[in-house]
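Trainee: Here it is, the structure in full.
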Amino acid sequence: MQPSAILCAFFTPLMVLGAQEPPSDAPNKVPSDFARFVAVGDGGHFDTAITTYKKGPVELVLFAAVHIADQACYATLNDRFTTCDALLYELVGPADYRPTKDREEGFNPLSMLQHGIKNSMELTFQLDEIDYSPANFVHADMTPEEFQDSMDERGETILSIMLNMMMSGMKLQQEQAENPDATPPPQLDLVKAFRSGEGRHQLRMVFASQLEAIETLAVGGEKGSTLLEGRNEKCLQVLQREMEAGKRKLGIYYGAAHLPHMERRLVEDLGFQKTGHEWLVAWDCTKRPDAKYDRALVKLRQQCKSELQTLAAAARAFRRAQDAPAVPTVRELAAERDQRWYTGPVQDPWGRDYVVRKRPTGLRWEVMSAGQDGAAGTADDLVAQEPRGK
């Protein structure tokens, strides 16, 4: 199966109704662009949008979701979500269902495919990284019963939806092949790529470079689709309820494919105006060797991650026990006279001190290692946040 067809089946929320005008990332122009791939040399990055709208005293932020991404993307979103009075999220499930890392998924072919691609590209899964426990999270999607009723009303079935997605992927693939001006998709020899240590990079490049094209596919008939418009309307009903309850700073965390239709409803029917647009890197496609290609490096990074988790828990205990504490060094945590908060290694496996620092937003701290290259702020950094909860 070609990447276009795989993506249509896997990135279900990245399929949208085509806009009449080219999408824009201008802070005050619609329709908006909610996902893009930016090529940089022999690498690049796939980005999703954070778009702001206002209506009187109400500010609404649309956070474009993608089901797999770099951990740093989800860490940033977790921080941004804390600024919302209410964060409306998508997930077909029981009312107010909140997924946890220890959830039981049973036999789910789509989930197996998602995890397989996630592991191959060394990305993380949305439901594993996003913290759905905060009180400001509001379920704003259909229940399974509502989803089934909506499909019955539109004459849809799960099989027909999947077939439509697959056919759309094949159509896109054919259009690309027949377009003389189109850039041909990169050829990928997976066996050769992984043997050379470039498998992860090649997969990210192939998939990320085609996501933007898949956004232009149309789904649904005259009544629209349950998958997109039906669920959007449920979300907007919840939005109206939260606004009537007095919420003034709201967020919606929905798949990027949902947002063009949702934006049209917000702007054309509900009176919102677009006031801001920014990009968040979801996949870093910088070319670098696969970590698994160097087995010794893999072991060192695993060791580092384990030590960072222990250090993050110690940092939280220290912060909570003090009155407005200054951020300590890891050596200060280990040398505290009254209580040794941390008894593990003070240096990472490459001989450099671990760093304790405040997070960009909120009260929590985080700990980090600059990784094997020793330079902070680069792609091989390892970071662990203070654990949430009690």
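The values are calculated or read from the model by the stated rules, or taken from the named source; none is laboratory data. For clarity, every value in this text was computed on a predicted model and none was experimentally measured. With ideal geometry, Cβ positions are generated from the backbone for all residues, glycine too; neighbour counts draw on all protein chains shown.
Trainee: Can you name the residue in the stretch 33-69 that is among the polar types (S, T, N, Q) and buried (at least 23 other Cβ atoms within 10 Å of the Cβ) and is also modelled with the lowest pLDDT among such residues?
Mentor: Looking at residues that are among the polar types (S, T, N, Q) and buried (at least 23 other Cβ atoms within 10 Å of the Cβ), I get Thr48.
Trainee: For the stretch 240-261: of the residues being assigned to a helix (DSSP H, G or I) and surrounded by 23 or more Cβ atoms within 10 Å (Cβ to Cβ), which is modelled with the highest pLDDT?
Mentor: Leu259
Trainee: Can you spot a residue in the stretch 284-295 that is exposed (fewer than 13 other Cβ atoms within 10 Å of the Cβ) and either under 26 Å from the mean Cα position of the chain (by Cα) or of a type outside the set (S, T, N, Q) (or both)?
Mentor: At the first step, the residues of the stretch 284-295 found to be exposed (fewer than 13 other Cβ atoms within 10 Å of the Cβ) are 295.
Right, trim to either under 26 Å from the mean Cα position of the chain (by Cα) or of a type outside the set (S, T, N, Q) (or both) and you get 295.
Checked the stretch 284-295: at least one residue is exposed (fewer than 13 other Cβ atoms within 10 Å of the Cβ) and either under 26 Å from the mean Cα position of the chain (by Cα) or of a type outside the set (S, T, N, Q) (or both).
Trainee: Hey, another quick one. Check Leu300, Leu311, Leu333 and return the single one that is in the same structural domain as Val356 (by TED's automatic domain parsing) and at pLDDT below 90.
Mentor: Details: Leu300 fails: at pLDDT below 90; Leu311 fails: at pLDDT below 90.
Of Leu300, Leu311, Leu333, the one residue that is in the same structural domain as Val356 (by TED's automatic domain parsing) and at pLDDT below 90 is Leu333.
Trainee: Which of the residues spanning the stretch 311-341 are within 23 Å of Gly374 (Cα to Cα), surrounded by 15 or more Cβ atoms within 10 Å (Cβ to Cβ) and not small (Gly, Ala, Ser)?
Mentor: Hits for the stretch 311-341 are Leu311, Pro328, Val330, Glu332, Leu333.
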